[in-house]
Amino acid sequence: MSVQAAVDRLKAQFGEAVVAVSEFRGETTVVVKKDDIVAICSFLKKELGFNFLTDLCAVDYLGQAPRFMVVYQLYSIGAHQRLRIKAAVEEGDARIDTVSGVWATANWLERECYDLMGIVFNNHPDPRRILMPSDWVGHPLRKDYPVQGPDREPYQGRLQ
Amino acid sequence: MATFETMTINMGPQHPSTHGVLQLVLELDGEVVVKATPHIGFLHRGVEKLSEHRTYHQVLPLTDRLDYLAPMHNNLGYVLAVEKLFGLTDAIPERAQVVRVIMAELTRIKSHLVWLACHALDIGAMTVFLYCFRERETVMDFYEKISGARMTSNYFRVGGLSADLPAGIEQEIRKFAQEMPGHVETYEGLLTGNKIWQKRIQGVGVISAEDAIDLGVSGPSLRGSGVNWDLRRDQPYSGYENYDFEVAVGDGCDTWSRYHCRLKELRESCKIILQALDRLKPGPILADAPKVCLPPKKDVVNSIEGLIHHFKIISEGPKPEPGEVYVGVENPKGEVGYYLVSDGSPRPYRMKIRPASFINLQALPKMCEGSLIADVVAVIGTLDIVLGEIDR
């Protein structure tokens with residue numbers, strides 16, 4: 001099954017929940033509603049063969065609404081195809097359901113996403129930080145988190 | 001009724017067989033591991049955050065420092081992703097592609113040699129460590145002659161290579177690739193028939209193909225469970241479709257099977273290097289895209305166009321169109337991928353690294369729970385993790 005056929009089946013199955021489909025440099029991205037993420041991911045895995053969750057992360061579009069995009073990079077071992085699924089998450093309600101029940105890989109990837117971006121994954125089996133210390137305050141990959149750290153003056157450059 | 005109590009012990013982060021700063025909290029029932037909990041992040045340097053504040057060219061040296069045992073592979077994945085973002089994928093000259101393949105496979109040999117050396121050393125076979133590091137030193141010399149550095153190579157560039165190969169290195173690499181299979185035989189002679197080695201790794205760290213795919217395990221760790229998947233063959237990049245090689249697959253699902261997979265990969269890498277050397281023809285090493293690729297130094301000092309392009313690229317940085325790409329390459333440890341989001345500015349809006357070791361490590365509890373504490377060391381060795389990549 002081609003990626004296009006997979007996207008068509010996804011649209012036929014979930015209709016309204018598929019918000020947008022785009023293509024860039026030969027890669028297909030599907031934006032879906034976050035409420036149906038677990039059902040959509042289960043369908044992609046069981047019916048469409050995307051059995052391998054390559055990666056999971058979030059992107060912070062500070063200043064836009066909704067602020068966050070949670071990104072799932074899928075791969076099909078067998079058909080050797082890639083598909084990217086994205087779900088928008090609002091700043092005021094930065095939560096999305098966990099897909100660790102669909103792919104066990106998601107466990108640590110979602111922990112990392114929570115740790116660095118502050119997205120809460122509902123029903124996650126082990127919702128701890130993973131890279132930063134457990135008592136860390138803030139989520140470093142957010143765009144409003146300063147690169148030099150929260151407690152230091154911004155770097156002014158060598159000329160000043 | 002007797003009550004059983006488990007004992008919790010701490011392994012690492014300062015432990016010689018955790019291959020860096022990995023901490024494992026082990027819950028033991030006698031000598032049997034009931035629960036293993038990895039703690040990571042001791043080496044977190046915020047590479048993804050830092051990359052958002054650098055131009056696309058300036059991010060490249062950061063990628064060396066992820067998997068420092070296979071730096072050129074990290075560079076390769078990154079430059080491929082940037083090239084895809086700029087639409088340069090088809091513009092890379094043939095010579096640059098072939099040199100990239102040669103360096104990538106030398107890197108695979110180098111990385112696998114460290115794996116074998118440390119894996120054997122952890123289990124108690126010290127001799128093979130010394131042999132492996134002897135051959136690794138040869139590859140390090142190639143690295144030094146070609147890129148100027150032993151580990152932080154930073155040799156590839158967006159659009160091609162930073163410099164051409166030095167004179168005479170091709171014969172040296174050919175000689176090495178011809179001799180290397182003989183060395184692999186030596187390692188096998190030291191280990192494969194060795195009863196202690198067999199007892200320590202056969203049936204240890206078992207993971208089924210379904211579990212491995214579910215946990216996202218990739219690379220030789222997955223192929224050792226019988227999954228015939230290699231990105232070099234199945235989603236070829238850098239012209240890998242032109243080379244004739246076999247994908248090493250084992251069906252034992254255990255450490256023994258993964259050991260054989262990696263040894264076979266060492267031999268296959270030598271085959272690819274020899275084929276690549278035959279394909280190597282003189283030609284340009286940088287794509288003809290002066291607004292994106294850093295010009296060679298002689299153009300910078302001799303032509304006004306070169307000087308202007310150099311100035312623009314260094315002071316401002318090339319701007320891709322808004323979009324997002326993901327490129328995954330077959331690292332010695334598994335699939336390493338780069339997800340780049342561009343907003344049209346000269347810096348990546350977001351860069352996410354898909355670290356092979358991070359995701360492979362997640363399978364560790366599954367592989368060692370229920371087995372003996374001594375096997376944990378074998379499982380860490382067989383997963384071939386590197387903490388620089390896990391913690392980023």
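The values are calculated or read from the model by the stated rules, or taken from the named source; none is laboratory data. Keep in mind that this is a model prediction, so the values were computed, not measured. Positions of Cβ are backbone-derived with ideal geometry, glycine not excepted, and every protein chain shown enters the neighbour counts. The accessibility values were calculated without ligands, DNA or RNA, using every heavy atom of the protein model including side chains. Shrake-Rupley method; radii C 1.70, N 1.55, O 1.52, S 1.80 Å.
The per residue volume of the convex hull around the alpha-carbon atoms of region A:3-94 is 96 Å³. Relative intensity of the protein assembly as shown on a log10 scale, I(q)/I(0) at q = 0.06, 0.08, 0.10, 0.12 Å⁻¹, equals -0.29, -0.53, -0.84, -1.22, per a Debye sum over C-alpha point scatterers of equal strength in the absence of solvent. Largest mean-square fluctuation among B:P295, B:P71, B:P166, in a Gaussian network model of chain B whose springs join Cα atoms under 10 Å apart, belongs to B:P166.
Once you charge only the Cβ atoms, +1 for Lys and Arg and -1 for Asp and Glu, what is the size of the charge dipole of region B:57-385 about its Cα centre, to the nearest 20 debye?
620
Between B:H53, B:H19, B:H119, the Gaussian network model of chain B with springs among Cα atoms under 10 angstrom shows the greatest mean-square fluctuation at B:H53. Other protein chain C-beta atoms within 10 Å of residue C-beta, averaged over B:210-219: 5.
Normalised Debye scattering of chain B at q = 0.08, 0.11, 0.15 Å⁻¹ gives log10 I(q)/I(0) of -0.43, -0.79, -1.36, counting only Cα atoms as equal scatterers and leaving out solvent. Solvent-accessible surface of region B:57-385, taken per residue with a 1.4 Å probe and all protein chains present: 34 Å².
Projecting the Cα atoms of A:Q81, A:P140, A:L62 onto the charge dipole of chain A, computed from C-beta unit charges around the Cα centre, puts A:Q81 farthest toward the positive end.
Relative to the dominant Cα principal axis of chain B, helix B:255-279 is inclined by about 20°. Using the 1.4 Å probe convention, the accessible area of region A:3-94 works out to 40 Å² per residue with neighbouring protein chains retained.
In this structure, the pairs whose alpha-carbon distance is over 19 Å, taken from B:K145/B:K175; B:K145/B:K333; B:K199/B:K333; A:K86/B:K319; B:K35/B:K366; B:K199/B:K264, are B:K145/B:K333; B:K199/B:K333; A:K86/B:K319; B:K199/B:K264. Sequence-distant contacts, meaning Cα pairs under 8 Å at least 6 residues apart, place the relative contact order of chain B at 27 percent. Our Cα-only numbers for region B:1-148 put the radius of gyration and Dmax at 20.8, 75 Å. With a ≥ b ≥ c the root eigenvalues of the C-alpha gyration tensor of chain A, is it rounded (a/c under 1.5), prolate (a/b larger than b/c) or oblate? Prolate shape, in that a/c is at least 1.5 and a/b is the bigger ratio. The fraction of accessible area contributed by carbon and sulfur in the protein assembly as shown is 53 percent, rounded to a whole number (1.4 Å probe; ligands and nucleic acids excluded).
Relative to the longest principal axis of the Cα atoms of chain A, helix A:37-46 runs at roughly 50 degrees.
Helix B:94-123 sits at what angle to the longest principal axis of chain B, using alpha carbons and giving 0 to 90 degrees rounded to 10? With both axes taken from Cα atoms, the answer is about 20 degrees. Compute the separation of the alpha-carbon centres of region B:1-76 and region B:275-352 and state it in Å as a whole number. Region B:1-76 and region B:275-352 have Cα centres separated by 30 Å. Highest mean packing comes first when the peptides A:128-134, A:64-70 are listed by Cβ atoms within 10 Å, giving A:64-70, A:128-134.
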